[in-house]
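Here is the structure we will look at.
The values are calculated or read from the model by the stated rules, or taken from the named source; none is laboratory data. Bear in mind the structure is a predicted one, so any value in this text is a computation, not a measurement. Every residue, glycine among them, receives a Cβ derived from its backbone with ideal geometry; neighbour counts consider all protein chains shown. Heads up: the accessible areas ignore ligands, DNA and RNA and are worked out on the full protein's heavy atoms, side chains in. Shrake-Rupley method; radii C 1.70, N 1.55, O 1.52, S 1.80 Å.
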Amino acid sequence: MTTPDSIRTVANRYGFMLQICCLQSPTTSYTLARPVHAHMIASGFQPRGHILNRLIDIYSKSSKLNYARYLFDEIPQPDIVARTTLIAAYSAAGDLKLSRKIFSDTPLRMRDSVFYNAMITAYSHNHDGHAAIELFCDMQRDNFRPDNYTFTSVLGALALVAEKEKHCQQLHCAVVKSGTGFVTSVLNALISSYVKCAASPSAQSSSLMAEARRLFDEMPNRDELSWTTIITGYVKNNDLDAAKEFLNGTSKKLGVAWNAMISGYAHRGLYLEAFEMFRKMIMSKIQLDEFTFTSVISVCANAGCFRLGKEMHAYFLKTVANPAPDVAMPVNNALITFYWKCGKVDIAREIFNKMPERDLVSWNIILSRYVNVGCMDEAKSFFNEMPEKNILSWIIMISGLAQTGFAEEALKFFNRMKLQGFDPCDYAFAGAIISCSVLGSLKHGRQLHAQVVRYGHESSLSAGNALITMYARCGVVDAAHCLFINMPCVDAVSWNAMIAALGQHGQGTQAIELFEEMLKEGILPDRISFLTVISACSHAGLVKEGRKYFDSMHNVYGVTPDEEHYARIIDLLCRAGKFSEAKEVMESMPFEPGAPIWEALLAGCRIHGNIDLGIEAAERLFELKPQHDGTYVLLSNMYAVAGQWNDMAKVRKLMRDRGVKKEPGCSWIEVENKVHSFLVGDANHPEVRQIYNYLEQLVLEMRKIGYVPDTKYVLHDVESDLKEHELSTHSEKLAVAYGFMKLPHGATVRVFKNLRICGDCHNAFKFMSKVVGREIVVRDGKRFHHFRDGKCSCGDYW
């Protein structure tokens, strides 16, 4: 007969055995606890209280959540220990929903501070900073006193979301009031919050880092994490000198801090300093880990140091014998990237193929390499081979397809991704939105904008910047500007995108004003900023302003002009007919002029009929890019406009002899969710006869108010009436006429063309806009033209 004493003895014995199990690693603990639990069941022992809690704890930490939950559900009234244990377990498994359910189902009278800490930590570890802070506020409202563990967790959550100094200051005050301001772990978390908030684009970095420094200096006790936090904080905020000062000021061998320094130098392009830091790390006998090797190998990849990268590969194989999978995998991933960037594709694939274990990072690296070099067929094949895919895999494909001219396929991939259960993130939306920019699909772009808002990504920089570009490239620059001024946070990319949008739409003065506003906001212009503002000046004929910005690049902002910048300034000068100044700029260049320079010169010569200089530019382009059709077309067009038909014929013959084919002019318009494309003299569209009839009647009305077809734009030596007929069949005219016929009355007609708009079409659209009383927007290969009331936004400067 069992007595209470004998039951207590058995319970204590089981409790003691489970206590020993708890002291082991999770795997060993589970292996030892299973037979103990089995013996309880076989013997008929009914565990209660602390024994059940220990079993739940062991199963939870061993990731056997089904067993843990089964035991939990068998308890009529689980105590707070069991509930707290399961919350932590579900959190570790990434299942916040179940963690929150257990928390919500627990009555307020049962809760304690440890219970709240577990849920706050769950939110923090699963990157839901806002929910963690909200629960911390609830905890105080429910009269539970936060302790040092509470503050460590909630400050970790704050570091995820803090964007302004006051956010850190509010919790800092709460720490001081609670009396935990002397606890090292709390101070470490507080410093981390300040330094991470300092990295936010909307924060004042200097004052936040100063506060982090003050906290560090006043700490009564510092541990390795304290030093690591402040050093990595300075690295993340691009103050490498201060980070180095701290690193030199401690005798502690802080491997994480040294790795951060190497990464910081690499991020700034200071590759020699990164290599020197690695050398000192070895000399100081600081333990190298997988992060060290991946950082240095990445530096070799970015710096193009193939020999040094091979030596790092050999050094890793020599010093790390039989590396564990969690060490070997990230290093192998870095090596794949290194060899591929150095053009050793076979070695990269060999490393990938020989990896005993691969993670999604490994697969995504190979996928991104194929995409980056434009091998989209190989990328699609590799994508289909992947055993599993994550959201990054889809983003790589969507963005890659959008940027390599496969915009329609990119949108199909976006839809496939959603059908397979992936919720699109802001980067996935950005790729899809850019596809709409390429296609000029405003309606689809607006639908994606609505989805961005619905999914909660309206404050995302990547999605916002893509939307600015989309609206601008679809001809709705006002919508792009409205979006820009309402974005909660903007970066240099946002400013550049908006300046470029204004420039492309002929609003050069507004583009300059926005550039100056950017400077007043304290945002330093980069190479892209100067490309956009000089292009804006070029489109608007603002020669003086464009020269001023070009000259300020190196003299004021320390940005060295590259070939693209020189091409833009030469384009600016040639458009204005200032060929002598353009030649002076070319002669002052620190390098030989390449194809972009000569193309800009040739384009200017075509505008102003400078045949001699145009021939010189064309001859250089024939040497540099013999298969590029644009050179032949521009030169032959110059001859045709000048009436030099024999010379034109010679250029066309040279083109045929070399097997160069002219890209056909194509225009398209979106009507009722369908894109209608037209070629010159199109006879394939199902409504082509109605379009020609409509155009014929429209031209009669246009002639009444002064329109005369400009036959100099017919580049064939034919009779005058045939020239007029040929002008009437240009693809952009057909697309605009179709828009008049099919779009609702008063709707703006938006047409897109792959090549530069024809001069006669440009003139005709001014008359059309007046006769029909509608706005016409044409995007050609260079810029936008807005035709309204007989005028064009370009002011006929194009």
Filter pass, residue 421 being small (Gly, Ala, Ser) and not in a helix (DSSP H, G or I): yes
With the first residue restricted to segment 645-667 and required to be farther than 16 Å from residue 681 by Cβ and in contact (Cβ under 8 Å) with a residue 60 or more places away in the chain, and the second required to be open to solvent by less than 100 Å² (accessible area, probe 1.4 Å) and of a type in the set (A, V, I, L, M), Cβ contacts under 6 Å at 6 or more apart or on different chains are 648/640
Quick test for you: out of 225, 190, 270, pick the one residue that is touching a Leu at 6+ places or on another chain (Cβ under 6 Å) and on the phi < 0 side of the Ramachandran plot. 190
Of the residues that make up segment 580-603, is at least one under 22 Å from residue 760 (Cβ atoms) and not aromatic (Phe, Trp, Tyr)? yes
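Yes or no: residue 581 more than 24 Å from residue 609 (Cβ to Cβ) and surrounded by 14 or more Cβ atoms within 10 Å (Cβ to Cβ)?
Spelling it out, it is not the case that residue 581 is more than 24 Å from residue 609 (Cβ to Cβ) and surrounded by 14 or more Cβ atoms within 10 Å (Cβ to Cβ).
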Return the only residue of 321, 314 being small (Gly, Ala, Ser) and either at positive phi or not in a loop (DSSP other than H, G, I, E, B) (or both). 314
Mind listing just one residue for me: the one in segment 247-265 that is of a type in the set (S, T, N, Q) and more than 11 Å from residue 288 (Cα to Cα) and, of those, least open to solvent (accessible area, probe 1.4 Å)? 250
Looking at segment 24-34, is at least one residue surrounded by 14 or more Cβ atoms within 10 Å (Cβ to Cβ), assigned to a helix (DSSP H, G or I), of a type in the set (D, E, K, R) and touching a Leu at 6+ places or on another chain (Cβ under 8 Å)? no
Filtered residues of segment 758-798 (kept if more than 22 Å from residue 711 (Cα to Cα), basic (Lys, Arg) and either more than 33 Å from the chain's Cα centre (by Cα) or crowded, with 19+ Cβ neighbours inside 10 Å (or both)): 774, 779, 783, 788
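Residues checked against (1) more than 25 Å from residue 671 (Cα to Cα); (2) modelled with pLDDT under 95; (3) open to solvent by 30 Å² or more (accessible area, probe 1.4 Å):
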{"residue": "475", "(1), (2), (3)": "no, yes, no"}
{"residue": "485", "(1), (2), (3)": "yes, yes, yes"}
{"residue": "488", "(1), (2), (3)": "yes, yes, yes"}
{"residue": "491", "(1), (2), (3)": "yes, yes, yes"}
{"residue": "503", "(1), (2), (3)": "yes, yes, no"}
{"residue": "508", "(1), (2), (3)": "yes, yes, no"}
{"residue": "513", "(1), (2), (3)": "yes, no, yes"}
{"residue": "519", "(1), (2), (3)": "yes, yes, yes"}
{"residue": "524", "(1), (2), (3)": "yes, yes, yes"}
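Condition first: without any contact (Cβ under 8 Å) to a residue 12 or more places away in the chain, open to solvent by 20 Å² or more (accessible area, probe 1.4 Å) and under 13 Å from residue 495 (Cβ atoms). Can you find one or more residues in segment 532-549 that meet it? Show your work before the answer.
Keep residues of segment 532-549 that are without any contact (Cβ under 8 Å) to a residue 12 or more places away in the chain, which gives 544, 548.
Filter once more, so that each one left must be open to solvent by 20 Å² or more (accessible area, probe 1.4 Å): 544, 548.
Keeping just the survivors that are under 13 Å from residue 495 (Cβ atoms) gives none.
No.
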Here the residues within segment 371-381 that are over 18 Å from the mean Cα position of the chain (by Cα) and surrounded by 17 or more Cβ atoms within 10 Å (Cβ to Cβ) are 376, 379, 380
Leading residue by the ranking (nearest to the chain's Cα centre (by Cα)) among those in segment 635-650 that are buried (at least 21 other Cβ atoms within 10 Å of the Cβ) and not aromatic (Phe, Trp, Tyr): 635
Any idea how many residues of segment 130-140 are among the charged types (D, E, K, R) and either under 19 Å from residue 180 (Cα atoms) or open to solvent by 100 Å² or more (accessible area, probe 1.4 Å) (or both)? 1
Failed condition for residue 335, given (1) within 30 Å of residue 287 (Cβ to Cβ); (2) among the aliphatic types (A, V, I, L, M); (3) part of a helix (DSSP H, G or I); (4) out of contact with any Gly (no Cβ under 9 Å at 6 or more places or on another chain): (4)
Hits in segment 228-273 (condition: more than 28 Å from the chain's Cα centre (by Cα) and of a type in the set (S, T, N, Q)): 228, 248, 250, 251
Could you run through segment 35-50 and say how many residues are basic (Lys, Arg) and buried (at least 17 other Cβ atoms within 10 Å of the Cβ)? 0
Contact list please: Cβ distance under 7 Å, first residue in segment 28-53 and under 15 Å from residue 70 (Cβ atoms), second residue part of a loop (DSSP other than H, G, I, E, B), pairs at least six apart or on different chains. 30/62; 30/64; 40/47; 52/75
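Of all residues in segment 141-168, how many are surrounded by 13 or more Cβ atoms within 10 Å (Cβ to Cβ) and more than 16 Å from residue 129 (Cβ to Cβ)?
The qualifying residues number 6.
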Hey, among 190, 208, which residue is touching a Cys at 6+ places or on another chain (Cβ under 6 Å), surrounded by 23 or more Cβ atoms within 10 Å (Cβ to Cβ) and not small (Gly, Ala, Ser)? 208
Condition check: open to solvent by 40 Å² or more (accessible area, probe 1.4 Å) and either of a type in the set (Gly, Ala, Ser) or touching a residue at least 40 places away in the same chain (Cβ under 8 Å) (or both). Does residue 343 satisfy that? yes
Show the residue pairs meeting these rules: Cβ distance below 9 Å; 6+ apart or different chains; first residue within segment 367-379 and of a type in the set (S, T, N, Q); second residue open to solvent by less than 90 Å² (accessible area, probe 1.4 Å). 368/337; 368/379; 368/392; 368/396; 368/400; 372/340; 372/400
From the list 734, 695, 755, which residue is over 38 Å from the mean Cα position of the chain (by Cα) and either modelled with pLDDT under 95 or assigned to a helix (DSSP H, G or I) (or both)? 695
Quick one: which helices (runs of 4 or more DSSP H) sit completely within segment 491-609 and have at least 3 residues that are within 21 Å of residue 471 (Cα to Cα) and of a type in the set (D, E, K, R)? none
Would you check which residues across segment 77-112 are open to solvent by 10 Å² or more (accessible area, probe 1.4 Å), over 41 Å from the mean Cα position of the chain (by Cα) and over 20 Å from residue 67 (Cα atoms) and list them? 107, 108, 109, 110, 111, 112
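Go over the candidates 630, 665 one by one and state the one that is within 30 Å of residue 580 (Cβ to Cβ) and modelled with pLDDT under 90. Explain how you work it out, then say what you get.
Numbers: 665 fails: within 30 Å of residue 580 (Cβ to Cβ).
Checking each option against the conditions leaves just 630.
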Any chance residue 617 is touching a Cys at 6+ places or on another chain (Cβ under 9 Å), more than 23 Å from residue 506 (Cβ to Cβ) and among the small types (Gly, Ala, Ser): yes
From the residues in segment 382-409 that are of a type in the set (S, T, N, Q) and outside any loop (DSSP other than H, G, I, E, B), which one is least open to solvent (accessible area, probe 1.4 Å)? 393
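Given the structure, is residue 417 free of Cβ contacts under 8 Å to residues at least 40 places away in the same chain and surrounded by 17 or more Cβ atoms within 10 Å (Cβ to Cβ)?
yes
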